[in-house]
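Accompanying notes for the structure given below.
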Amino acid sequence: MKTVWMTWGRRMAAALAMPGVLMVAGLGAAMPLRAAELVVGQVAPLSGVLASTGAQMVLGGKIYFDWVNAQGGVHGASIRHTVVDDAYKVADTVRLTRELLAKPEVVALYGFAGTANVTQLLADGVLEQGGAALVAPYTGGESLRNPFNPWIFHVRAGYADETEHMVQQLTTLGMNRVAVMYQDDGFGKAGLAGVEAALAKRNLKLVVAAGYERNTDKVDDAVKAIKASDVHAVIMIAVNKPAAAFIQRYREQGGGAQLYNISVVDPTELVKLAGLKNAHGLGISQVVPYPYRPQLPVVREYQTLLKKYAPEAEVNYTSFEQFLGAKVLVEALRRAGPAPTRTKVVKALESLQSYDLGGITLSYSPTNRIGSRYVEVTVIGSNGRLMK
């Protein structure tokens, strides 16, 4: 498992150059448009603390777009999947999104990452000015859902849904003393607020909240504060590297609480960084169905296309989630007709009411952009793989 992941990670850049995916370094680097192309823009963290997640995000869309193109595209037009790297930095997300939207051939945006990053796009009016839909962002931030905005079409449940589910599970098991380790930004604070609300619903209060600085894995202060609090459970609102650092140091210092993490982590990466001994037993909330057993038609489709277009890659929740997002976007492109515009794509997305992706149903409307509220909790097993 480890060898396969490391090999895949090294080859991701090469894969991005395969048909259907274009890596763009910046303005002026885009290749000339071929006739009859539909350009989909993606800003993803392919470097920095979220790089492994970003690679999986791109992969999930790539395998579906490649398959669609192999079938003749959408109304005869091929999909060009243009990807740029923001390194999970807010300012770069804004700049690169403006650059993408300045290109009239870009009909939609897809698969961005980061609550703070996408929140800034809204605050700066970037999406409104560009008039393009952003489909399947990799964030559950409540500020991106409420108040309603017309530009973002969510495939995943929100962090409030995830934290409610986790708090319900742990309190049912009698674990009432809860701590939160969170990233000190919009992402972490959204998850923190979700935990506090779920506890308040049960007449409970958070024992301790300990933050860490975004784009670092400096978690020693959080480990110290939470270790001293003698809690039953710790809910982490963290990405891969800081989450792994916390898990490793907390366990090695004798911390015995049940650990949970929000859905935006890669269990393979956590095991690799924190060690299986420390990561074993970690609960991770998930916002899409279990992709490791081909019980649903869409899971079978995902596994088949993953094997065909990325044979060295392994099944992964993140790539599966973005695969679902790509299916949503392609259906909208079909419904938008043979000459889609950004406005037509938005209207087509609104028409996806009770849309079956293959055993998973999503619904949008002119007044609803939250396609799903599905949540379940998985656990890292003794072999390092996720169990239901």
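The values are calculated or read from the model by the stated rules, or taken from the named source; none is laboratory data. Treat the numbers as computed from the prediction; the structure is a model and nothing was measured. Counting neighbours? That spans all protein chains shown, and the Cβs are built from the backbone with ideal geometry, glycine included. For the accessible areas, the whole protein counts, side chains as well, though only heavy atoms, and no ligand, DNA or RNA atoms are used. Shrake-Rupley method; radii C 1.70, N 1.55, O 1.52, S 1.80 Å.
Here, segment 79-119 is characterised by an Rg to Rh ratio of 0.94, where Rg is the alpha-carbon radius of gyration and Rh the Kirkwood radius. Legend: residues 327, 277, 89, sorted from most to least accessible area (1.4 Å probe; ligands, DNA and RNA excluded), read 277, 89, 327. Scalar couplings 3J(HN,Hα) for segment 110-122, obtained by applying the Karplus form with A = 6.51, B = -1.76, C = 1.60 to θ = phi - 60°, are 8, x, 6, 10, x, 4, 5, 5, 6, 4, 5, 4, 5 Hz; x denotes Gly and Pro. Sequence-ordered 3J(HN,Hα) estimates for segment 67-81 from the Karplus curve with 6.51, -1.76 and 1.60 and θ = phi - 60° stand at 5, 4, 5, 5, 8, x, x, 10, 6, x, 9, 7, 8, 9, 9 Hz, glycine and proline given as x.
Taking all protein chains together and a 1.4 Å probe, the residues 221, 356 rank 221, 356 from largest to smallest accessible area. Computed over protein heavy atoms with a 1.4 Å probe, the carbon and sulfur contribution to the accessible area of segment 70-123 reaches 53%. Positive end of the dipole of the chain (Cβ unit charges, origin at the Cα centre): among 284, 111, 87, the Cα lying farthest that way belongs to 284.
Per atom type, segment 174-298 shows carbon and sulfur on 47% of its accessible surface, probed at 1.4 Å.
Over all directions, average the projected area of the Cα convex hull of segment 280-358 and note it in nm².
Answer in nm², one decimal: 7.0.
Taking all protein chains as they are arranged and a probe of 1.4 Å, the heavy atoms of residue 142 leave approximately 80 Å² accessible to solvent. Counting only DSSP beta bridges whose two residues both lie in the chain, roughly 20 percent are antiparallel.
For the chain, the equivalent ellipsoid built from the Cα gyration tensor has semi-axes of 34, 22, 20 Å, listed from largest to smallest. Semi-axis lengths, largest first, of the ellipsoid equivalent to segment 149-226 are 22, 20, 9 Å, with √(5λ) applied to each eigenvalue of the Cα gyration tensor. For segment 44-61, 3J(HN,Hα) computed residue by residue from phi via the Karplus equation (6.51, -1.76, 1.60; θ = phi - 60°) reads 9, x, 8, 9, x, 5, 10, 4, 5, 5, x, 4, 5, 4, 5, 4, x, x Hz, glycine and proline entered as x.
Anisotropy class assigned to segment 151-193 is oblate, per the alpha carbon gyration tensor with a/c at or over the 1.5 cut-off and a/b no larger than b/c. Taking every alpha-carbon pair under 8 Å whose residues sit at least 6 apart, the chain reaches a relative contact order of 19 percent.
For the pair residue 220 and residue 382, label points projected 7 Å from Cα toward Cβ lie 3.5 nm apart. Note down the Stokes-Einstein diffusion coefficient of segment 201-249 in µm²/s, whole number, using a Kirkwood radius over alpha carbon pairs, 4 °C, and 1.567 mPa s. The Stokes-Einstein estimate is 112 µm²/s. Put simply, segment 68-194 fits an ellipsoid with semi-axes of 33, 18, 12 Å; these come from the alpha carbon gyration tensor as the roots of five times its eigenvalues, largest first. If you bin all the Cα-Cα distances of segment 285-328 at 5 Å, starting from zero, the percentages per bin are 5, 24, 36, 27, 7, 1.
Surface listing: 99, 162 arranged by accessible area from highest to lowest gives 99, 162, probe 1.4 Å.
Express the accessible area of the chain per residue in Å², computed with a 1.4 Å probe while the remaining protein chains stay in the model. If you can, show how the numbers build up before the last one.
Numbers: 14740 Å² over 388 residues.
Using a 1.4 Å probe on heavy atoms only, each residue of the chain averages 38 Å².
Do you know the Lys pair count in segment 204-318 for C-alpha distances under 24 Å, with sequence separation 8 or more or different chains? Eligible lysine pairs with Cα atoms under 24 Å apart amount to 15. Residue separation of residue 344 and residue 367 scaled by 0.36 nm, minus their Cα-Cα distance, works out to 6.6 nm of gained length.
The fraction of all Cα pairs in segment 191-305 landing in successive 5 Å bins from 0 to the largest distance is 2, 11, 20, 21, 18, 12, 8, 5, 3, 0, given as whole percents. A 1.4 Å probe, protein heavy atoms only, puts the accessible area of residue 151 near 50 Å².
The dipole here belongs to segment 253-334: it is taken about the Cα centre, uses +1 on the Cβ of Lys and Arg and -1 on the Cβ of Asp and Glu, and is about 180 debye.
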